[in-house]
Amino acid sequence: RWQRFVDNDVLWSFIHNPGAMIAATIAVSLIIAAFAAPWIAPYNPFDPAQISLWDGKLPPAWTDGGNPHYLLGTDNQGRDMLSTILYGGRLSIVVGMASVFLGMLLGVSLGVISGYVGGSLDSVIMRIADVQLTIPGILLAILINGIGRAVLPLEMRQDFAIYVVIIAIGLTDWPQFARVARGATLVEAQKEYVQSARVIGLPGWLIMMRHILPNTLRPVLVIATIGLALAVIAEATLSFLGQGIPPTTPSLGTLIRVGNEYLFSGLWWITFFPAITLVILVFSVNLLGDWMRDALNPK
């Protein structure tokens, strides 16, 4: 098994692609740093005992007026920017992963059912997907997020804001997964092993789950990797517009929105460092997704 892993074409492609290796190193490092924030962050931005308003709006440590205890400076509330970025990045990544998983679960399920069953069910599912694809994703996410907030009682909106954002982004991403899964299912359903499974009397749900679904996951994984970057951007956009994560639970989008209010006052670091972290994360994940698209292409 180890020799098969070493001789794998995908691993060979990864090792011989410097761009993919650099992108993977950066993306994995940022993700590990974000999830390890409670252990590596200098301060806890959620602990009032570690926050002082007297230290608010301090510039980075290497500039005039900077404090060596705050490497990237502080925000308007006196929170350490480095610590806040680590905690905020973790929240953005969690929201992105959860929303991609939700979209993939819903989209792949509907896509496989649509491609295998066919008929009027296929037409209904694909027409719904086509209609949704004509609506800009961020507008649809804002609509779903607004409906979710309106349905929840006022005292529960703060606690369930993250889940509402995950559902809003996930429900906007499922058509892409559905179309890819449906196309792969249409190809696999015509192959001999599926015909043999039908002949021996296996039920349709078992054929879809055991035989067709595993063979449709390769292109889905590529879409999921690229979709993670888009989901992180969607969360940042919603939070920047004030429709996402509340300011008391900072994400990268929330930090950029708060910093944007002080940008013209010369407090550039409050916006710059969260923004550059978001750009580097999304860019590296996109490069990794481009490599996966080429490496997993059977042609």
Taking every other residue with Cβ under 10 Å from the Cβ of residue 255 and scoring Lys and Arg +1, Asp and Glu -1, one gets +1
How many percent of the accessible area of the chain is carbon or sulfur, using a 1.4 Å probe? 67 percent
Which labelled figure in [x] 21.7, 80; [y] 22.6, 78; [z] 18.3, 54 is Rg and Dmax of the Cα atoms in Å, once derived from the coordinates: [y]
Tell me whether the stretch 198-284 comes out rounded, prolate or oblate; compute the Cα gyration tensor, take square roots of the eigenvalues as a ≥ b ≥ c, and use a/c under 1.5 as the rounded threshold. prolate
Which far-off residues, 5 or more places away or on another chain, put their amide H under 5 Å from the one on residue 74, with H placed in the peptide plane? 57, 58, 81
By the scheme Lys and Arg +1, Asp and Glu -1, what is the net charge of all other residues having a beta-carbon under 15 Å from that of residue 224? +1
For residue 128, what charge total do you get from the other residues with a beta carbon under 13 Å from its beta carbon, if Lys and Arg give +1 and Asp and Glu give -1? +1
Relative to the Cα centre, what is the charge dipole magnitude of the stretch 43-138, using +1 at the beta carbon of each Lys and Arg, -1 at the beta carbon of each Asp and Glu, and rounding to the nearest 20 debye? 180 debye
Total charge dipole magnitude, the stretch 177-223, about the Cα centre, Cβ charges on Lys, Arg, Asp, Glu only, Debye to nearest 20: 100 debye
The answer for the chain, counting only DSSP H helices whose Cα atoms cover 24 angstrom or more along the axis and whose Kyte-Doolittle average is 0.0 or greater, is 18-35, 81-117, 161-188, 217-240, 269-295
Top of 72, 11, 217 by mean-square fluctuation, Gaussian network on the chain, Cα under 10 Å: 11
Would you mind working out the magnitude of the charge dipole of the chain relative to its Cα centre, with +1 at each Lys and Arg C-beta and -1 at each Asp and Glu C-beta, to the nearest 20 Debye? 800 debye
Picking from 28, 131, 180, which is most flexible by a Gaussian network model of the chain using Cα springs under 10 Å? 131
As an exercise, use a Förster radius of 22 Å and the Cβ-Cβ distance of residue 29 and residue 268 to find the FRET efficiency, rounded to the nearest 0.05. 0.35
For the chain, report the accessible area per residue in Å² (1.4 Å probe, heavy atoms, rounded to an integer). 53 Å²
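The values are calculated or read from the model by the stated rules, or taken from the named source; none is laboratory data. Worth saying up front: this structure is predicted, and the values here are computed from it rather than measured. Please note: Cβ atoms are built from the backbone with ideal geometry, for glycine as well, and neighbour counts cover all protein chains shown. Just so you know, the surface numbers come from the protein's heavy atoms only, side chains and all, with ligands and any DNA or RNA stripped out. Shrake-Rupley method; radii C 1.70, N 1.55, O 1.52, S 1.80 Å.
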